[in-house]
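Engineer: Below: one structure in C-alpha cells.
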Amino acid sequence: MSYVRMFMEGSASDRALLGGKGANLAEMTRMGLPVPPGFIVTTDACRHYLHHGEAPDGLRDQVRVAVQVIEAETGRRFGDPVNPLLLSVRSGAPFSMPGMMETVLNLGLNRENVKALAATDEHFAHDAFRRLVQMFGEVVQDIPGRAFAAARAPFLRDAGVDDVAELSAADLEAVGHAYLQVVEQETGEPFPMDPDTQLQAAIEAVFRSWNGHKARTYRALENISDELGTAVNVQTMVFGNLGDRSATGVVFTRDPATGENVPYGDALKGAQGEDVVAGTRNTMHLAELRHEFPEQYDDLLLVLSRLEQRYRDMCDIEFTIEDDRLWILQTRVGKRSARAALRMAVEMVDEGLIDEPTAIRRFTPTQLERLLHPQFDPDATYDVVAKGLGASPGAASGRAVFDADEAERVAADGTPVILVRVETAADDVHGMVAAQGIVTAKGGLVSHAAVVARGIGRPAVCGVAELTIDEEAGTATANGLTIEAGDVISIDGSTGEVALGKVRVVRPEPGAELDRLLQWADQLRSLGVRANADTAEDARRAVAFGAEGIGLCRTEHLFVGARAPMIERFILSQDQAEVDAALQELHDVHVEELTGVLEAMDGKPVTVRLLDPPLHEFLPSVTELRVAEAKGELDDAGLAKLAMAERWHEHNPMLGIRGVRLAALAPDLYRMQAHALAEAVVARIRAGGNPRLQVMIPLVVSTAELAHARDDVAAELRRSFDAAAIEVDVPIGTMLETPRAAVIAGELAAGPADFLSFGTNDLTQMTFGFSRDDVEGPMMEQYVEMGLLEADPFATLDRVGVGALMRMAVDAIRAADALDDIGICGEHGGEPASIAFCHELGLDYVSCSPFRVRTARLAAAHAALAD
Ligand code: PEP
Ligand code: MG
C-alpha cells in the first residue's frame with residue numbers, strides 16, 4: 001500500500017486522502033504553476049498512526065524514495081554537506097484548520113552543512129538552523145517554548161534588540177548552540193543531525209498534532225469529524241528571507257472583506273511566511289510589492305487569474321519570492337466576510353464564471369443573517385479611540401478584556417465582553433468565541449484574528465496600529481484616550497472604529513445584489529414564504545422583503561399597550577349593554593387594522609388567527625389587587641376587577657382556557673371577530689381590492705371542538721357577507737399546536753379544516769413539557785452545554801420528537817387529500833435548519849417574522865438545492 005503521493009500524482013478532487021492543502025498543491029503542480037517540488041503523506045498513514053501508535057510499515061522507505069525524486073528535480077541532496085535540499089513539513093487536513101496543527105521548517109540542516117551554507121550567507125544559514133532546532137524541539141520533542149526564550153534572552157539583552165532576526169550572524173550561531181544545549185538538557189539526547197531521522201520524526205509529530213488540545217477544540221467547534229486525520233505535506237523549502245531580493249506574502253484573488261474584484265494582500269520583504277500571518281511585523285501592501293518586484297507581481301496576477309478560472313471561486317495563496325524567483329506555496333478557496341460572499345457570488349454569475357444555483361450555494365442563510373447584522377448608527381455621536389481595519393463585520397459593545405481566559409470567565413454569566421489583544425493566536429480562540437467582538441493592534445485582514453473572527457461570525461477590528469496595548473496592565477491607549485479593563489467599549493467591524501461606551505446601532509440594507517440573488521432563490525425554491533405580521537406596517541415591511549402572504553396575524557397583538565383596557569372592559573362588563581359596547585369597541589379596532597393589513601397584502605393570502613391568550617393576561621394581577629384590597633384602596637370597580645381576576649385566574653395558564661376553548665366559554669368574542677373580519681373584507685372589495693382572508697382557529701385538540709367553533713364563525717361570516725350582498729370564500733382552518741391535534745390531523749383535514757398550519761412554538765412546548773416562558777435562558781443553556789439536548793428546540797425544530805409528530809400529521813393530511821394548504825407559523829419557520837426540515841416534509845409554506853423573510857427565501861432555496 002502506498003502512503004505517499006508526489007505532487008504530480010494528485011488533483012484537487014483528492015481532498016479526503018491528500019488533505020485540502022495537499023490536493024491543491026497537486027492541482028497547482030498539474031497546472032504548471034511554480035510550486036516548490038514535494039509530496040504528500042496521505043491521511044491513511046495518519047489514521048494508521050493514530051490507531052496503532054506507530055507509522056505503517058514501509059512508510060519510511062516510501063518517504064525516502066519520494067525525497068530522491070525531489071533531489072533529482074532540484075539537483076540538491078537531502079543532508080548533503082555542501083548543497084543540501086531543505087524540506088518543510090506541514091499538516092494538511094481535509095478541512096482547513098488554520099494554525100491548529102504543527103509545522104517544522106528547514107529539515108535537513110545539520111552541524112555540517114550549515115557551515116557550508118554560511119560560507120555563502122552567514123546570517124541566513126545560522127538563522128535557518130536556530131529556527132529548525134527551536135521548531136523541532138517544540139513540535140517534535142515537546143520542549144516548552146520558554147526554554148528557548150530563556151536561552152536566547154541574554155543574546156537579545158546584550159545586543160539591545162527585541163527580535164532574534166535582528167541579531168548578528170555570530171550571535172545567531174551562538175543562539176543555535178544554546179538551543180542545541182536546551183534540547184540535550186530537556187531530552188537527555190543530542191539533537192538529531194541525521195536528516196532522515198528529522199524528517200520521519202517531524203511527520204509523526206504532525207500526525208500526533210491531530211489529537212492536540214487546540215485541534216480537538218477547533219474540530220468540535222466546526223463540526224469536523226475526529227476520524228479524518230491529517231495528511232502531511234513535505235515540500236522543498238524556498239526562502240523569502242534570503243537577501244533583499246526575497247519576500248513572502250499572502251494574496252486573495254478578490255478583497256475578502258468587501259468582495260470587490262481586486263486582488264488583496266500583504267507581503268513582507270526578507271521574511272518567512274509565518275511572519276506575515278502572525279502580524280508581528282508591518283506588512284507592505286500589493287502596490288508596494290508591485291513597485292519593488294514588478295515582474296514577479298505581474299506573474300503573480302497571472303497565477304491569481306488562472307486559479308480563479310480553475311476553481312471558479314475566490315482563492316487565497318501564499319507565495320514566496322526567493323532571490324527574484326516567484327514560488328506559490330499554497331492555495332485554497334479563500335474565506336470571506338458575508339458581504340464579500342454575496343458580492344462575489346453575484347458578480348461571478350455576471351462574469352460567466354458560475355451559474356445561479358452555484359451563486360446561491362455560496363451564500364448561506366447564516367451569512368445573510370450575519371450580513372443583516374447591525375452596524376454603528378451613522379447618526380449616533382461617540383468618541384472614537386482609534387480606527388483599524390474592519391476585519392469582520394457587525395457591531396458590538398461590551399466590557400474590555402485583555403486576556404482570552406478572562407474573556408471566557410467574564411462572559412460566563414452573560415456579561416458581553418470585547419476581547420482586546422495585541423494579536424491573537426490559536427490559544428485565544430476560546431476567548432474569541434466567548435467575546436462579542438475582537439480588537440487587535442497588529443495584523444491585517446489575513447491575520448489569525450481576522451480569519452477566525454470571520455469564521456465564527458464575531459465582529460472584529462484588526463491592525464489598530466495607533467492603539468498601544470498593555471495586556472499585563474489591562475490598558476489600551478490612543479489619541480489621548482485610555483481604555484481600561486472593564487470599561488464598556490464598542491466596535492464596528494465594517495468601518496474599523498473602536499469607540500468608548502455603548503454606541504447605538506442600526507441594521508444595514510444590503511441593496512441590489514441581495515435582491516438579485518433572492519430572485520434567483522425564488523426561482524429555485526418550492527416552499528412558499530409568508531410572514532407573521534400583525535399590523536399594516538408589519539405587512540408592508542414583509543411585502544418589501546418578499547413575503548407572499550401572511551401566515552399568522554395574531555389578533556391579540558392588536559390589544560397591547562394603550563388598547564389593553566378594551567379587553568378588560570369586555571371582561572368586566574356587568575350587563576348586556578356594557579357587553580355590547582365593549583364588543584363594538586373591539587370590533588372597530590379589528591376592522592380598522594385588518595383593512596390596512598388586507599390592503600398591504602392585496603391579492604395575497606392573509607391568515608388571521610382568532611384570539612388565543614388566556615383572558616387573565618388582560619387583567620391586573622390578582623396579587624396586586626389583593627394587596628390593594630387589604631389596604632382598603634379598592635373602590636367598587638376595583639372590587640369587581642378583583643372578582644373577575646380571581647374568576648379567570650389560572651395556575652397553569654399556558655395549558656388553561658385559551659384559544660378555541662374561549663369559543664365555548666366566551667363565544668361572543670370569536671363571533672365579534674368574524675363579523676369584523678367580514679366587514680374588513682367587504683370594505684376592501686368595495687375599494688376595488690382583492691382581499692384573500694383565511695381564518696385560523698388556535699389550540700384545537702378535537703375535531704368536534706373545531707367543528708363547533710367553525711360553524712359559529714362561518715355562520716357569522718355568511719351573515720355579514722349576505723347583508724353586504726357579496727359572495728366571498730373565506731377558508732377556515734386551524735393550527736397544529738397540540739400533540740393531539742397532530743395525531744388527529746388527518747381527521748381535521750378530512751373534516752372541518754380547510755387548511756392547517758403547524759404552531760411549533762406550542763407544539764414544542766407541549767411535546768417536551770417545557771414551558772416556553774420558563775426554560776429558555778439558564779436551563780436551556782445548561783442543557784445544551786451538558787449535551788442533554790443537541791440544540792434549543794424552541795430555536796431549531798426538534799426533528800426526533802416534534803418532527804415525528806409533524807411527519808405523522810403530514811402523512812395523514814396528504815392521505816385525506818382535502819386541504820388547501822399546509823404550513824408552519826411557529827418561530828422555526830424563519831430558522832434555516834428547520835426550514836430545511838419543512839422542505840423535506842413537503843410543506844407548502846413557512847411563515848416567519850418580517851425580518852427573517854429574506855433569510856427564509858434563501859434557506860428554502862438551499863433546501864431545494866440540497867434535494
Ligand atoms: C405557535 O404556537 O407556534 C404559534 C405560532 O402560536 P403562538 O406563538 O402565538 O402561541
Ligand atoms: Mg401557539
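All of the numbers you see were taken from the coordinates with simple rules; none came from a lab. Computed from a predicted model, the values in this text were never measured in an experiment. In this analysis, Cβ positions are derived from the backbone assuming ideal geometry, glycine residues included, and neighbour counts consider all displayed protein chains.
Engineer: Using a 10 Å cut-off around each Cβ, can you sort Met237, Met601, Met786, Met808 from fewest to most neighbouring Cβ atoms?
Structural biologist: The order, fewest Cβ neighbours first, is Met786, Met808, Met237, Met601.
Engineer: Please sort 816-823, 325-332 by packing, taking for each peptide the average over its residues of neighbouring beta carbons within 10 angstrom, highest first.
Structural biologist: Result, highest mean first: 325-332, 816-823.
Engineer: Still on this model: Could you tell me which of Pro416, Thr320, Pro374 has its Cα farthest along the dipole of the chain towards the positive end, charges placed at Cβ (Lys, Arg +1; Asp, Glu -1), taken about the Cα centre?
Structural biologist: Thr320
Engineer: Continuing with the same structure: Set the Förster radius R0 to 45 Å, insert the Cβ-Cβ distance between Arg807 and Val627 as r into 1/(1 + (r/R0)^6), and round the FRET efficiency to 0.05.
Structural biologist: So the FRET efficiency works out to roughly 0.35.
Engineer: Oh, and also: If contacts are Cα pairs under 8 angstrom and at least 6 residues apart, what is the relative contact order of the stretch 723-867 in percent?
Structural biologist: 25 percent
Engineer: Now for a different question. Across the stretch 685-698, in residue order, what do the Karplus-derived ³J(HN,Hα) couplings come to in whole Hz, using 6.51 cos²θ - 1.76 cosθ + 1.60 with θ = phi - 60° and x for Gly and Pro?
Structural biologist: 5, 5, 7, x, x, 10, x, 10, 6, 10, 10, 10, 9, x
Engineer: To make sure I understand, if each residue's beta carbon is the centre and we count other beta carbons within 10 Å, what order do Thr760, Thr482 fall in, fewest to most?
Structural biologist: Thr482, Thr760
Engineer: Indicate the gyration tensor shape class of the stretch 20-97 (rounded, prolate or oblate), computed on the Cα atoms with a ≥ b ≥ c the square roots of the eigenvalues: a/c under 1.5 is rounded; otherwise a/b larger than b/c is prolate and the rest oblate.
Structural biologist: oblate
Engineer: By counting other Cβ atoms within 10 Å of each Cβ, how are Arg336, Arg541, Arg146 ranked from fewest to most?
Structural biologist: Arg146, Arg541, Arg336
Engineer: Report, in degrees rounded to the nearest 10, the 0 to 90 angle that the Cα long axis of helix 43-52 makes with the longest principal axis of the chain.
Structural biologist: 90 degrees
Engineer: Rounding to the nearest 10 and keeping the result within 0 to 90°, find how far the Cα-based axis of helix 15-30 lies from the longest principal axis of the chain.
Structural biologist: Value to nearest ten degrees: 60.
Engineer: Could you work out how far helix 703-723 tilts from the main Cα principal axis of the chain, as a 0 to 90 degree angle to the nearest 10?
Structural biologist: With rounding to tens, the tilt is 70 degrees.
Engineer: Given the peptides 193-203, 249-259, 149-159, arrange them by the average over their residues of other C-beta atoms within 10 Å, most packed first.
Structural biologist: Peptide ranking by packing, descending: 249-259, 193-203, 149-159.
Engineer: Given contacts defined as C-alpha pairs under 8 Å and at least six residues apart, what's the relative contact order of the chain, whole-number percent?
Structural biologist: Relative contact order of the chain: 9 percent.
Engineer: Right, here's the next one. Under the rule a/c < 1.5 gives rounded, and otherwise a/b versus b/c splits prolate from oblate, where does the stretch 426-488 land using the Cα gyration tensor?
Structural biologist: Judged from the Cα gyration tensor, the stretch 426-488 comes out prolate (a/c at least 1.5, a/b above b/c).
Engineer: Please compute the modelled spin-label separation between His649 and Asp350, points set 7 Å along Cα→Cβ, answer in nm with one decimal.
Structural biologist: Roughly 6.6 nm, to one decimal.
Engineer: Over the stretch 292-449, what is the relative contact order in percent, taking alpha-carbon pairs closer than 8 angstrom and at least six residues apart?
Structural biologist: 13 percent
Engineer: Sticking with this one: Please work out whether the stretch 84-184 counts as rounded, prolate or oblate from its C-alpha gyration tensor, where a ≥ b ≥ c are the square roots of the eigenvalues and a/c under 1.5 means rounded, while otherwise a/b larger than b/c means prolate and anything else oblate?
Structural biologist: Oblate, since a/c reaches 1.5 and b/c is not below a/b.
Engineer: Restricting to Cα atoms and excluding each atom paired with itself, what does the Kirkwood estimate give for the stretch 613-746 in Å?
Structural biologist: 17.3 Å
Engineer: Would you please put 766-773, 543-550 in order of how densely packed they are, using the mean number of other Cβ atoms within 10 angstrom per residue and starting with the highest?
Structural biologist: The densest-packed peptide leads the list: 543-550, 766-773.
Engineer: Assuming a strict under-21 Å limit between Cα atoms, what lysine pair count do you get for the chain once near-sequence pairs (fewer than 8 apart, same chain) are dropped?
Structural biologist: Lysine pairs satisfying the spacing and distance rule in the chain number 8.
Engineer: In whole Å, what three semi-axes, largest first, describe the equivalent ellipsoid of the chain built from its Cα gyration tensor (square root of 5 times each eigenvalue)?
Structural biologist: That gives 65, 29, 25 Å for the three semi-axes.
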